[in-house]
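Report on the following structure.
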């Protein structure tokens, strides 16, 4: 007699029960076990499949989502994919709102599932009408029979991780897990898994991995480049009392670790995974042979091939170097005046007359317009430049422009180059503009002009 076929009734039945794998090469030299919980094996390729099903189940049960209704959600992409999979199975329409820092692959993937995608600016506060939170709320109001799961406040989000992910980690480690490390986004996975593990053993340490700039590690919610982790507000799905420690990780550290894990372990992982693995290594280096560190790997690197796995993108944002001589060498050789900061900044609401005063006092010909003057800046926080000659031309025709806000008289952003880009790329940009903004690790660090390049080249020529 033939045996029973091994077949799932639906793709939704394949969510969960993801494997653990030892990070033996990245963790070489550690005395403890470093294990990755591979959420990449979920049907949608990420940990977000779990709460997506749970939130839709709860909405259906509570009568909040009716047959043929529309799901509206702000998402970094992965929750959207999970919701789109459920929607495809159950006949719902989807509208997803994303910030403009998300990769093109993520937008294309959601559209491949038949979802509508609305892209919003990153460098605005959550309460701004154009933020992706505000936009999602507006779309819910405007769309009949719509439901917003709101993964940031939906109790089904952490509850699903307490129901499934936490017990899996406990079972797969035979109760030996001593440290659990995860990035903090909505806070659902770290809260749910943390609650479960601490009910089994209160001594298990729960470690959050967080980007620089995010509120969880003490930032003000300023922009950063890593996607799908960190926040600029405190979601109710996050329970800080369950987290014993938060490790702050820079974009550069996140991307370098994602590339390292991919090349050394053969596991193609995303930038937020790099954030988590970097934090796990920081913790693991302090531990002895009895420790078992489990790090949640939330998604695949396939969504980031045009970014962190693209050498040119990494060059453009100053994460890698192409070799000498490069823009960083020109910046390092630039003569410094102790009176003049590396970046001369003004905010958009200040009057243009103040920009003139700043340029006159410092002896510079331009000032950078940024939403903040607090350093380090994020590239997204730079909105334009006030140029001495252009402002003079406008003021000659109409002197009243000097009393208008800088945002009304500024010019578009100057071109940018990464600190590691070759001097030839710098020269190419300066053929089209009088100055360029130099980025290092995604942060503006200085301005270079044609004069700076000429001085650098002259210093290198014989005689």
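Matching residues to (1) farther than 14 Å from residue 448 by Cβ; (2) more than 27 Å from the chain's Cα centre (by Cα); (3) surrounded by fewer than 18 Cβ atoms within 10 Å (Cβ to Cβ):
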| residue | (1), (2), (3) |
| --- | --- |
| 396 | yes, yes, yes |
| 400 | yes, yes, yes |
| 405 | yes, yes, yes |
| 408 | yes, yes, yes |
| 411 | yes, yes, yes |
| 418 | no, no, no |
| 421 | no, no, no |
| 428 | no, yes, yes |
| 431 | no, yes, yes |
Criterion first (part of a loop (DSSP other than H, G, I, E, B), at pLDDT below 90, surrounded by fewer than 17 Cβ atoms within 10 Å (Cβ to Cβ) and in contact with a helix residue (DSSP H, G or I) (Cβ under 9 Å, 6 or more places away or on another chain)) does residue 349 satisfy it? no
Any residue at all in the stretch 401-415 that's assigned by TED's automatic domain parsing to the domain that holds residue 325, in contact with a helix residue (DSSP H, G or I) (Cβ under 7 Å, 6 or more places away or on another chain) and closer than 30 Å to residue 314 by Cβ? yes
Scan the stretch 354-364 and give yes if some residue there is surrounded by fewer than 21 Cβ atoms within 10 Å (Cβ to Cβ) and either assigned by TED's automatic domain parsing to the domain that holds residue 253 or outside any helix (DSSP H, G or I) (or both), otherwise no. yes
So residue 390 clears everything in (1) in a helix (DSSP H, G or I); (2) touching a strand residue (DSSP E or B) at 6+ places or on another chain (Cβ under 8 Å); (3) closer than 15 Å to residue 331 by Cα except one condition, right? Which one? (3)
Please tell me if residue 329 is in contact (Cβ under 8 Å) with a residue 12 or more places away in the chain, assigned by TED's automatic domain parsing to the domain that holds residue 370, closer than 30 Å to residue 460 by Cβ and touching a strand residue (DSSP E or B) at 6+ places or on another chain (Cβ under 6 Å). no
Output the number of residues of the stretch 337-363 satisfying the condition of being within 16 Å of residue 404 (Cβ to Cβ) and in contact (Cβ under 8 Å) with a residue 60 or more places away in the chain. 2
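Here is a yes/no grid of residues against (1) closer than 14 Å to residue 248 by Cα; (2) under 19 Å from the mean Cα position of the chain (by Cα):
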{"site": "165", "(1), (2)": "no, no"}
{"site": "171", "(1), (2)": "no, no"}
{"site": "174", "(1), (2)": "no, no"}
{"site": "178", "(1), (2)": "no, no"}
{"site": "186", "(1), (2)": "no, yes"}
{"site": "193", "(1), (2)": "no, no"}
{"site": "198", "(1), (2)": "no, no"}
{"site": "204", "(1), (2)": "no, no"}
{"site": "210", "(1), (2)": "yes, yes"}
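Matching residues to (1) within 19 Å of residue 151 (Cβ to Cβ); (2) surrounded by 23 or more Cβ atoms within 10 Å (Cβ to Cβ); (3) out of contact with any strand residue (DSSP E or B) (no Cβ under 6 Å at 6 or more places or on another chain); (4) modelled with pLDDT of 95 or more:
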position	(1), (2), (3), (4)
20	no, no, no, yes
30	no, no, yes, yes
49	yes, yes, yes, yes
55	yes, yes, yes, yes
70	yes, no, no, yes
79	yes, yes, yes, no
96	yes, yes, no, no
106	yes, yes, yes, no
116	yes, no, no, no
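The values are calculated or read from the model by the stated rules, or taken from the named source; none is laboratory data. Predicted model only: the values in this text are computed from it and were never measured. Because the Cβ atoms are built from the backbone with ideal geometry, glycine has one as well, and the counts that use them run over all protein chains shown.
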